[in-house]
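Colleague: Here it is, the structure, as structure tokens.
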Amino acid sequence: MTALKAIPYVVGQWVRGDRFYGRQKVLAEILEGPRESLWLVGTRRMGKTSLLKELENRASAEDSGFLPLFWDFQGADDPQELHLSFHDALLDAQERLEALDVDLGSLDQDDLFASLGRLRRHLRSTGKRLLLLCDEVEELIKLHAKDRSLLRKLRRALQSGGEVRSVLTSTIRLWALAEERGDTSPFLHGFAPPLYLSSMTDDEARSLLRQDHLPEAARPDLDHEVVEALRGACDNHPYLLQLVGKRYLEVGDVDEALERVATDEMVSYFFAVDFEMLSPQERQILRTVAEMTAASSGSLEERLDLTASPVTGGLLRLENLGFLTRNRKRELILANRFFREWIQRSTPRPDADTDVASATPPFSERVTEILSQIDARVNEGDSAGPQELLEVVYDDLRMLARRYMSRERANHTLQPTALVHEAYMKLADQTRVDWQGKTHFFAVGAQAMRRILIDHARGRQRNKRGGDWLRVTWAEEVFPGGKRDLSDEELMDLDQAIEELAKIDARQARVVELRFFGGLTVKEVGTALGVSERTADGDWAKAREWLKGRLSREVDPR
């Protein structure tokens, strides 16, 4: 099989534009339908953020009747965080706002409701409406416990007549706000019933696997039989489709690619998280269907000793969420091969007292398990890096970065070391991880932190605000003049310089990444890269001198 220059599939990150496939019916309903308040529900890795980003992309067209605003609620678990998260959304949309003569200086970063009101009033004269695209809305559950009045005020702001179209995305956890009995009008009143984001259609899944949006020469070489085999195993689940497609291009064999995904700890982790969100009754329905292989509503009622009403309600939601599907005989079956195998492995023995959810290993153990697999592969001579762990921890690292960075004012003192160490303390029990595994974790954290910091710097650079500086570990050893406080522009210059250094000496560039963004000591860098401490120290000295010369052309010492 001819190797491709690049694997085109995007695994575990949001996409939009040419990288986005399918979901045309949902997109049309949101952009063209009559509802002004929509709630989109789906399991993890079903593409909720990608859908919002594609909505933002399409609604940014000049002939669109909307001004899109992507609002990430992650970390907004208290009133101040909520206000600041909306201000972040305004900053990210600055170019679109300025094109409509919206002055960001007139919007209050400490009062999202005042800012929303001014923005709505301004948009009236432009013929556009505000399209609020709200991601990670589960954070409002914590906010509701702290300040119910604020949540009532937020619901009114999101449902401002015909001036605002609001789209919420979440997992089923957000149902908690619909079930509150203390509020006369629960937060989700007007947003329910939800739209469910489940598996893609057959044609959409085929298009995704074939990568039809790419030029023909860049598409993967998949014949019809391979496409159907991969698609059938995934039941058109978008994340699994991209993962099996990637594995197939790596190994060139369908059975081996499917087996690798079936035993992937990251996939098991996502299944476990989704399963734990379900009600005990819904979990029992899935376990029973797994035991029966195929089932009807009547057989489930009899097997579970329940009346038709609760079984039917649970089945409907499980189908909508993509856990269950129907075969040609209209019998209920578990949706895809990988979930089927996971639940069979996870179902307790008949004599066991433990529920599947409580039997699921804590996240720290899953991280440890992945680290052990990585170490074993490295010992066997496999040169693959710890990409699996990076994909697992990246979302958590990004959340921590938001907490530390985007909430700080000028001259804040964030250090990536603090982020990586806190992420490690949060996700992995140090008593169960050996030093080699821990070093691998920090190495992966350095990669994630570099991405987080540069993404943040680019966003702020677009905003052209100035006055915000980042204090970064080891900066005084890299930048001319020994300065520690870096502007966003200087941080981006450093990132570009590391890219250039990587073309000259890849290991030196990696040393800089581990030291600068990960905060590793020279000894830890040597361990992570499999070289002696003396070699790592030499690489660090050479890279530092090269960077000083390169950056002296870009940075004026202060």
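The values are calculated or read from the model by the stated rules, or taken from the named source; none is laboratory data. Keep in mind the model is a prediction, meaning the values are calculated, not measured. So basically every Cβ, Gly included, is an ideal-geometry build from the backbone, and we count neighbours across all protein chains shown. When the accessible area is computed, the model is the full protein with side chains, heavy atoms only, and any ligands, DNA or RNA have been set aside. Shrake-Rupley method; radii C 1.70, N 1.55, O 1.52, S 1.80 Å.
Colleague: Does region 199-215 hold any residues that are open to solvent by less than 50 Å² (accessible area, probe 1.4 Å), outside any helix (DSSP H, G or I) and hydroxyl-bearing (S, T, Y), and which are they?
Modeller: Scanning region 199-215 gives a single hit, S199.
Colleague: Do you know which of the residues in region 162-179 that are part of a loop (DSSP other than H, G, I, E, B) and open to solvent by 50 Å² or more (accessible area, probe 1.4 Å) is modelled with the highest pLDDT?
Modeller: Among residues in region 162-179 that are part of a loop (DSSP other than H, G, I, E, B) and open to solvent by 50 Å² or more (accessible area, probe 1.4 Å), the one modelled with the highest pLDDT is E163.
Colleague: Would you confirm whether any residue within region 142-151 is closer than 16 Å to S37 by Cα, under 24 Å from the mean Cα position of the chain (by Cα) and either surrounded by fewer than 18 Cβ atoms within 10 Å (Cβ to Cβ) or modelled with pLDDT under 90 (or both)?
Modeller: Within region 142-151, not a single residue is closer than 16 Å to S37 by Cα, under 24 Å from the mean Cα position of the chain (by Cα) and either surrounded by fewer than 18 Cβ atoms within 10 Å (Cβ to Cβ) or modelled with pLDDT under 90 (or both).
Colleague: D255 is checked against (1) of a type outside the set (S, T, N, Q); (2) within 12 Å of R337 (Cβ to Cβ); (3) open to solvent by less than 80 Å² (accessible area, probe 1.4 Å) and fails just one. What number does that condition carry?
Modeller: So the condition that D255 fails would be (3).
Colleague: Name the residue that is most open to solvent (accessible area, probe 1.4 Å), counting only residues in region 58-97 that are within 21 Å of D111 (Cβ to Cβ) and acidic (D, E).
Modeller: D92
Colleague: Mind listing whichever residues of region 216-236 are in a helix (DSSP H, G or I), aliphatic (A, V, I, L, M) and open to solvent by 20 Å² or more (accessible area, probe 1.4 Å)?
Modeller: Of everything in region 216-236, those that are in a helix (DSSP H, G or I), aliphatic (A, V, I, L, M) and open to solvent by 20 Å² or more (accessible area, probe 1.4 Å) turn out to be A217, A218, A229.
Colleague: Test E250 against the stated conditions and say whether it is farther than 12 Å from Y9 by Cβ, among the acidic types (D, E) and surrounded by fewer than 24 Cβ atoms within 10 Å (Cβ to Cβ).
Modeller: Answer is no for this residue.
Colleague: Suppose we filter Y196, Y239 for residues that are aromatic (F, W, Y), in contact with a helix residue (DSSP H, G or I) (Cβ under 7 Å, 6 or more places away or on another chain) and either surrounded by 15 or more Cβ atoms within 10 Å (Cβ to Cβ) or free of Cβ contacts under 8 Å to residues at least 12 places away in the same chain (or both); which single one remains?
Modeller: Answer to the selection: Y196.
Colleague: Would you mind finding the one in L494, L514 that is surrounded by 18 or more Cβ atoms within 10 Å (Cβ to Cβ) and touching a strand residue (DSSP E or B) at 6+ places or on another chain (Cβ under 8 Å)?
Modeller: Matching residue, one of L494, L514: L494.
Colleague: Mind checking which helices (runs of 4 or more DSSP H) fall wholly inside region 7-107 and carry at least 2 residues that are touching a Phe, Trp or Tyr at 6+ places or on another chain (Cβ under 9 Å) and either over 25 Å from N336 (Cβ atoms) or of a type in the set (G, A, S) (or both)?
Modeller: 48-59, 79-92
Colleague: What's the total number of residues in region 205-224 that are aliphatic (A, V, I, L, M) and under 14 Å from R19 (Cβ atoms)?
Modeller: Number satisfying all stated conditions: 4.
Colleague: With the checklist (1) within 24 Å of A61 (Cα to Cα); (2) among the acidic types (D, E); (3) without any contact (Cβ under 8 Å) to a residue 60 or more places away in the chain in hand, flag the one item D135 doesn't pass.
Modeller: Going through (1) within 24 Å of A61 (Cα to Cα); (2) among the acidic types (D, E); (3) without any contact (Cβ under 8 Å) to a residue 60 or more places away in the chain one by one, D135 breaks only (3).
Colleague: Inside region 332-346, can you point out the residues that are within 18 Å of R260 (Cβ to Cβ) and within 23 Å of the chain's Cα centre (by Cα)?
Modeller: N336, F338, F339, W342
Colleague: Now a separate question. Filter region 316-329 down to residues that are touching a residue at least 12 places away in the same chain (Cβ under 8 Å) and assigned to a loop (DSSP other than H, G, I, E, B) and give me whichever is farthest from C234 (Cα to Cα).
Modeller: Checking each candidate, the answer is K329.
Colleague: Test L51 against the criterion of being under 20 Å from the mean Cα position of the chain (by Cα) and either open to solvent by less than 20 Å² (accessible area, probe 1.4 Å) or in contact (Cβ under 8 Å) with a residue 60 or more places away in the chain (or both), and give yes or no.
Modeller: Yes, satisfied.
Colleague: On to the next question. Report the residue count in region 127-141 for those that are at pLDDT 90 or above, within 12 Å of L67 (Cβ to Cβ) and not in a strand (DSSP E or B).
Modeller: The number of residues fulfilling the criteria is 1.
Colleague: Would you check if there is a residue in region 257-266 being within 17 Å of G42 (Cβ to Cβ) and at pLDDT 85 or above?
Modeller: Checking region 257-266: not a single residue is within 17 Å of G42 (Cβ to Cβ) and at pLDDT 85 or above.
Colleague: What are the pairs with Cβ atoms under 9 angstrom where one residue, in region 101-121, is small (G, A, S) and the other, located anywhere, is surrounded by 14 or more Cβ atoms within 10 Å (Cβ to Cβ) and in a helix (DSSP H, G or I)? Sequence gap at least six, or different chains.
Modeller: If the second residue must be surrounded by 14 or more Cβ atoms within 10 Å (Cβ to Cβ) and in a helix (DSSP H, G or I), the pairs left are S106/S115; S106/R118; S106/H122; S115/H83; S115/F86; S115/H87; S115/L90; G117/A157.
Colleague: Say whether the condition of being open to solvent by 50 Å² or more (accessible area, probe 1.4 Å) and either under 23 Å from E54 (Cβ atoms) or aliphatic (A, V, I, L, M) (or both) is met by at least one residue in region 101-119.
Modeller: no
Colleague: Can you report the number of residues in region 242-254 which are more than 19 Å from A335 (Cα to Cα) and either free of Cβ contacts under 8 Å to residues at least 12 places away in the same chain or not β-branched (V, I, T) (or both)?
Modeller: Result for region 242-254: 8.
Colleague: Tell me which residues, restricted to region 27-48, are open to solvent by less than 30 Å² (accessible area, probe 1.4 Å) and either acidic (D, E) or on the phi < 0 side of the Ramachandran plot (or both).
Modeller: Hits for region 27-48 are L27, I30, G33, S37, L38, W39, L40, V41, G42, T43, M46, K48.
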